[in-house]
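Read the structure below first, then the notes.
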Amino acid sequence: MVLALVLLVIGGLVTAPLLNFMGTGLKVGKEVYENKMYETYAADAGVEDGLWQIKHDRLPDFAFYDEYDYSTEWPYSLNESVNGYSVNVTIKNVWMPKGIPDPDNPDAVPDAVTAQMIIEQGKLIITGGPSATAESTYEIKISYAWECGDDLLLEVNTIGIWLPPGFEYVVGSSDLEKASGEPYYSVPDIAPYKGGYAVVWDFASVRLENFPGSDGSPMIKSFTFEYAPEGQSPDNAVSWIDTSGVAGVTYTWDADVKIYKILSVAGDCEVEAYAAKAQIRQLGSAIGGDYFATGNSLIGGNYHWPDNYHWQLHESTTATIETSDDINQGIPEDAIIEAAYLYWTGWIDWHNYNPAGTGAIFDDNSCYSWDYGDDWDCGWRFYAHHWGGGESDRWLTMGYSVDLSGYSGQTITVSWRQWEEGDLESDDCLQYAFSGDGGIHWSEWIDPPAFCNDIGSSPVNFSDTIPEAYLTDEFKIRFRINSFSGSGWWGWGTEYCYIDDITIRESSPDLKYPANPSPGNLQVLVEETARVNKVLFNNEGISADTYQALHPDQFDGTGFEDTWFYTAMSDVSSLLKDEEWRENHNIDSNGAGTYTCGHYYIGTNPGEDNYRVNQEDPDYSFDFYGTSGSTGYPLGTPSPYPTSTSRYTAAHAGWSLIIIYSSIETLGHQLYLYDIRLSSFDFFFGWHGNPDFDGDGEEGGTIQGFLVPDPIPGEELAGRITAFVGEGDAGYTGDSFIVNGNYLDEGTGSGKYNVWNSNSVGLTVEGVDIDRFDIPWESGILKPGDTSVSIDMPTTGDDGFTMTYVILSFRSETRSGGSVTYLIR
């Protein structure tokens, strides 16, 4: 009893502290567990944000991001804490080919630049996808564009494929395993790899020509294998090939699929995730979707057939995209915008206007301010004909001096408008000279003269820089007509010289194409003087990401000298993907809606009549014919109306919008976009022949770097091609669009020999072409396994055109688009 009582007392003393300790332990354990849970959820939030960045194509916005850089990690932090933790995320491109060192590995020979060249040159291509003819079967295709006998020495070292999580290779199912006794027989090595499985076939340097398939150029080889589970599709598998024997052809991989590693850190918790995405590349990618192209002209009117002078300058024009399951009519309702590109193009003629600089120093055309001999007369302009008098009768001289002494060291120009009348000869010239002492002494007549021989009856601008020696307080200019003495049988003169708008300006920007073009002076011309690198897109200013300007030197001696063509493009994907921007402009989430494009300008108040006239440069403006408005910085030069000259057959300006989308309801397509962002595609002008647009020295061009897939049973259309062309003319025939030797028709009724007719289906203003060409499978123009198409665009007669972009869409086995993700904790 005593012992029992002692134990009871001691137990009572110990129980309370023990229970308190146990409670504290439970409380601490709960807090530790909750903190760990909060850390994990915070890190998961970072993963979700990384997936969002990838899905919405935000990686190009990261500083120095390069899709071919496989070593750099791009870090960022969430803008706010999650569960009280700061969350740091890094995203990295994952190099998938097993056994081939990634391009950034110091032990590898090629670097990231070389890797990009391998993909974009398209000489060796490997692709893969579920077979169109057999269930649960995957086909790997290899295309090799060889050119000479030495290229046939190409040997295959390994071929591999990475199967994403959830898929397995069926052992013994590949054509290569079943080919016992063939040189390409191989049993693959199968091993877990980066969350999935890597299947690698190893060969003893077997020549590619010995593999099953065709041996033409390009050489097409293929084989299949089975995968599990049945009924599913490993769309995001990545295949690769390692080769040797031919310089410059070392390896390639299926770059249509991008794999990304996401690492999210919150506190002491790290979560690692991988994302696989079917990426839209400039050289093509298989997506469950398609493209839609639209646009309009900004200069219309077809005065004086067949020249078709485009004279009507529009303030802006619109194009509407409908919601439709018909790919030729619109975009499916469930479509997701993957990318959007805006293009614009036009022709600039500097002869009819000269942008003002900081203002005119002298622009007095008063008849009383000039001294002129008997050969000259003055009304609303000066005009002259030599009637046989003395030398001084030929002169038109400034009546009083202009003080230019304060402009020493600056660029001062004198300009005027000039034209002529009559059948002139080479000695019928307008000459001019300068004086710096009020006319006591004169320079020699400037060589060359302002003009000789015929320049036409429409005014053209002429300007010259006043030499530094004549920037004095007593500057004068003198004009002289040489010859201009032809007479008719009735005795009146038939040869006349006209001058108007004589102006002296400070640092006058010049729209004339520079005689010695360089990146610097072309930038000034495009971005600061003409400013055609900017447009108003849905009434918001958009600047070009890239542009090209072209001087048509093939026009020398034809009256088109010093005019120039340009094209520009801007990636507007972020705008069309932005929900707020779409709401403000009534654009649906699939991209359907009405788009407006017009001239960029620096205007005055919207309520004023001259709203669109340049506030900083009112002289550089054009009227919208038929309205009371005008615009500065026009995107193109319209033809005068109703009179014009042959140079204005080139007058045009227009724009086009391409939307690339993915859709569950749309079967797969392979898309290839060729524009001025590619070094192999040059903006060009086609004139009198078949232009060499790919710069290989041969007429026409070749578009390559793709692989035409097998047709899906029941499908009629093998592909579509849309081309955006400026400066086509309905009245001039002889222009064609030829694909692999087949003449295509763009569907406006003009036929196969007048495709660039300034008219396209869906455009409300004539003036440019946005033509779609359908290619049925039954035509045989495209066949499975083709890796290139030849395109010819010959012109005859007086027709010409500019090519801004070409986009191709081929049927593909791909049945779904978007991204697929999986996690590894």
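The values are calculated or read from the model by the stated rules, or taken from the named source; none is laboratory data. Treat the numbers as computed from the prediction; the structure is a model and nothing was measured. Cβ: placed from backbone, ideal geometry, glycine included. Neighbour counts: every protein chain shown. Only protein heavy atoms, including side chains, enter the accessible area calculation; ligands, DNA and RNA are left aside. Shrake-Rupley method; radii C 1.70, N 1.55, O 1.52, S 1.80 Å.
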The stretch 450-459 - phi-based ³J(HN,Hα) in whole Hz, Karplus 6.51/-1.76/1.60, Gly and Pro as x: 4, 6, 9, 6, 6, 10, x, 8, 9, x
Projected label distance in nm at W380 and A247, using a 7 Å step from Cα toward the beta-carbon: 7.1
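What ranking of Y547, Y743 comes out by heavy-atom accessible area, probe 1.4 Å, highest first?
On the way: Y547 60, Y743 90 Å².
Correct descending sequence by accessible area is Y743, Y547.
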With an 8 Å Cα cut-off and a minimum separation of 6 or more residues, compute the relative contact order for the stretch 179-238 in percent. 21
If R0 is 60 Å, what FRET efficiency do you get for D364 and V113 from their C-beta distance, rounded to 0.05? 0.50
Please compute the length gained on full extension between S173 and T318, using 0.36 nm multiplied by the number of residues separating them and subtracting their Cα-Cα distance. 46.6 nm
For the stretch 418-521, what does the relative contact order come out to in percent, with C-alpha contacts under 8 Å and a separation of six or more? 36
Cross-link reach list, lysines versus K221, counting only Cα pairs under 22 Å and skipping chain neighbours closer than eight places: K98, K123, K141, K178, K783
Given labels modelled 7 Å from the Cα in the Cβ direction, how far is it in nm from S408 to D464? 2.3
How do E322, E338 stack up against each other in accessible area, from largest to smallest, with a 1.4 angstrom probe? E322, E338
Under a cut-off of 27 Å between alpha-carbon atoms, report the lysines in cross-link reach of K92, not counting same-chain residues fewer than 8 places apart. K36, K55, K194, K258, K261, K277, K577
The stretch 158-180 to the stretch 391-407: how many Å between their Cα centroids? 89
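If I compute solvent accessible area with a 1.4 Å probe over the protein chains, what percent of it on the stretch 361-488 is carbon and sulfur?
Details: 2620 of 5870 Å².
The nonpolar share, carbon plus sulfur, comes to 45 percent.
Considering only protein heavy atoms and a probe of 1.4 Å, how much of the accessible area of the stretch 136-204 is carbon and sulfur, as a whole percent?
Details: 1430 of 2830 Å².
Carbon and sulfur together cover 51 percent of it.
Under the 0.36 nm per residue contour assumption, what length would be gained going from the current alpha-carbon distance of R207 and D545 to full extension? Could the numbers behind the result be given before it?
On the way: separation 338, 0.36 × 338 = 121.68 nm, distance 4.40 nm.
That works out to 117.3 nm of additional length.
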For the stretch 333-456, the per residue accessible area (1.4 Å probe, Å²) is 43
